[in-house]
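The values are calculated or read from the model by the stated rules, or taken from the named source; none is laboratory data. Keep in mind it's a predicted model, so treat the numbers as computed, not measured. We place every Cβ from the backbone using ideal geometry, glycine too, and count neighbours over all the protein chains shown. Heavy atoms of the whole protein, side chains included, go into the accessibility calculation; ligands, DNA and RNA do not. Shrake-Rupley method; radii C 1.70, N 1.55, O 1.52, S 1.80 Å.
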Amino acid sequence: MDMIRKIREEGLNNSKVMDIAFHLTDASGPRLTNSPGFFRAANWAVSELKKWGFDNANLDAWGNFGKGWELQKSYYAMVAPYYKPLIAFPKTWTAGTNGLQRAQVVLVTAKDTMELASYRGKLKGKIVMMYRPDTLNQSFKADATRLTDDQLTTMANNKPAPPDTAAQRRAREQFRRNPNFGIANRLRDFAKEEGAVSILSATTNGHDGTLFVQGGGAYQINSPENMLDAVIAFEDYMTIQRLVSSGVPVQLEAEVKTRFETSNEKAYNVIGEIKGTDKKLKDEVVMLGGHLDSWQSATGATDNAAGCAVMLEAVRILKSLGVKPRRTIRIALWSGEEQGLLGSRNYVRNRLSDTTTRKANAEGEKVSVYFNLDNGTGKIRGVYLQGNQNVRPVFEKWLEPFSDLGATTLTLQNTGGTDHLSFDGVGIPGFQFIQDPIEYSTRTHHTNMDSYDHLIADDLKQAATIVAAFVYNAAMREEKIPRK
Ligand SMILES: [Zn+2]
């Protein structure tokens, strides 16, 4: 309890978490895997860990990823029937325009590839949009929310549901982003074959200046360049669609310059350690982490500079208190998460598991636990137990000193979509904390608005304090964290 008191004092009253977040966001820029911004942030984190006195702080290669990508110029405007600047952001890994282009908009209404074929010969030098049948969803609910007591009680009583498969998740996501998904995918290749200037896209939830922007196609080192495809504001998209539909010709100007980084397809995670000191337990490891990579349309503050800043701050707190942990404490900031948990999956595959049995190997058995944070800026309200009933009494005890900070809930519920799954998948206990959603799905997750401004300092301080305590407890405990 004496150490928990010190952790609280350092974490709540001497926090560096917002300074760390500044370096990972504003100072580094967008952190797409293998892009210059990713390496600015990763190198900064390694040098900071070294400054703090960490062991083995380094960029740890996990395998081949593919191309980095950088946006160097982006301009879209409507110039006829009148001038209107467009809120636009090109999708990641798409090509540029080859200088300033002025082009007429073609609205494609095809519902299948047969109908699409009727546009052959009509898209050269044009800007192409797919007809959208949807309308704007007004914001009747607040963008930002916290979990209510009722919601937390429901979570506490929930049984684990079978997790969605990755394919189910992707399909749902794709449908939500674009109900025309199959045909839109085909349009990308067709427009390229036909010599179009650019595709324009929009998402229903991306209104009021918020754009949800992800990848525009393959990033593997030998893959061909993808057709330029820019997400524009829903309101801009519908304005153009209504004009073209009613027979008014619409002209746009576009100039986009992108750069592909192909000199090194290897990708890296950031690793750092506080060595264990107990003769018997020092080879065992307590791990914590989050993904450092982001999408490209903002600096990925809530996804996931927030999680990385909290994890870095948690180990900074412990180091500043001069802890001598019994087990080794290892932080990992992953890359390639946004493309399918690639950094953590490959770390676990290369080092901690047997590739034939897909279970933890001898090294993996030495990992007591992995803690992850990747749900935005919201403070910690508890822990998802991932169906591990055995760990409940342990975590119950560890949460006790933080009930005054709002962290009280343990749920058997699974949560998916991020790097703890890589550990859970081979039988190493891996946990995500429950966090208040704040504006995660409404405003910041994969959007052009995911900036430092959307971080809440008090929430991140609370989270770093609780994570530091959990990591400390796990490192000092006589036994490893119980397996499922
Ligand atoms: Zn994330």
Taking the range 378-421 and keeping residues under 15 Å from T154 (Cβ atoms) and among the small types (G, A, S) leaves G382
The condition from (1) within 14 Å of the ligand (Cβ to nearest atom); (2) surrounded by fewer than 23 Cβ atoms within 10 Å (Cβ to Cβ); (3) on the phi < 0 side of the Ramachandran plot; (4) of a type outside the set (V, I, T) that S422 misses is numbered (2)
Among residues of the range 211-243 being part of a loop (DSSP other than H, G, I, E, B) and surrounded by 22 or more Cβ atoms within 10 Å (Cβ to Cβ), the residue modelled with the lowest pLDDT is G216
Residue set P393, P401; condition away from the ligand (no atom under 16 Å from the Cβ) and in contact with a helix residue (DSSP H, G or I) (Cβ under 7 Å, 6 or more places away or on another chain); output residue P401
With the first residue restricted to the range 368-380 and required to be within 10 Å of the ligand (Cβ to nearest atom) and at pLDDT 95 or above, and the second required to be in a loop (DSSP other than H, G, I, E, B) and open to solvent by 10 Å² or more (accessible area, probe 1.4 Å), Cβ contacts under 7 Å at 6 or more apart or on different chains are G376/P437
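Return the total of residues in the range 426-450 being under 30 Å from N205 (Cβ atoms) and open to solvent by 30 Å² or more (accessible area, probe 1.4 Å).
Of all residues in the range 426-450, those under 30 Å from N205 (Cβ atoms) come to 430-450.
Now narrow it down to the ones that are open to solvent by 30 Å² or more (accessible area, probe 1.4 Å): 437, 439-443, 445, 448-449.
Residues flagged as under 30 Å from N205 (Cβ atoms) and open to solvent by 30 Å² or more (accessible area, probe 1.4 Å) within the range 426-450 amount to 9.
Among the listed residues K111, K51, K122, which satisfies the condition of being within 30 Å of I271 (Cα to Cα) and of a type in the set (K, R)? If you could, list the steps in order and put the result at the bottom.
Values: K111 fails: within 30 Å of I271 (Cα to Cα); K122 fails: within 30 Å of I271 (Cα to Cα).
After applying the criteria, what remains is K51.
Please state which one of D293, D278 is part of a loop (DSSP other than H, G, I, E, B), within 16 Å of the ligand (Cβ to nearest atom) and either within 16 Å of G417 (Cα to Cα) or open to solvent by 10 Å² or more (accessible area, probe 1.4 Å) (or both).
Numbers: D278 fails: within 16 Å of the ligand (Cβ to nearest atom).
The conditions single out D293.
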Per the filter on the range 236-282, residues touching a strand residue (DSSP E or B) at 6+ places or on another chain (Cβ under 8 Å) and of a type in the set (G, A, S) are S245, A254, A267, G272, G276
Restricted to the range 12-38 and to residues being outside any loop (DSSP other than H, G, I, E, B) and over 20 Å from D374 (Cα atoms), the residue farthest from the chain's Cα centre (by Cα) is N13
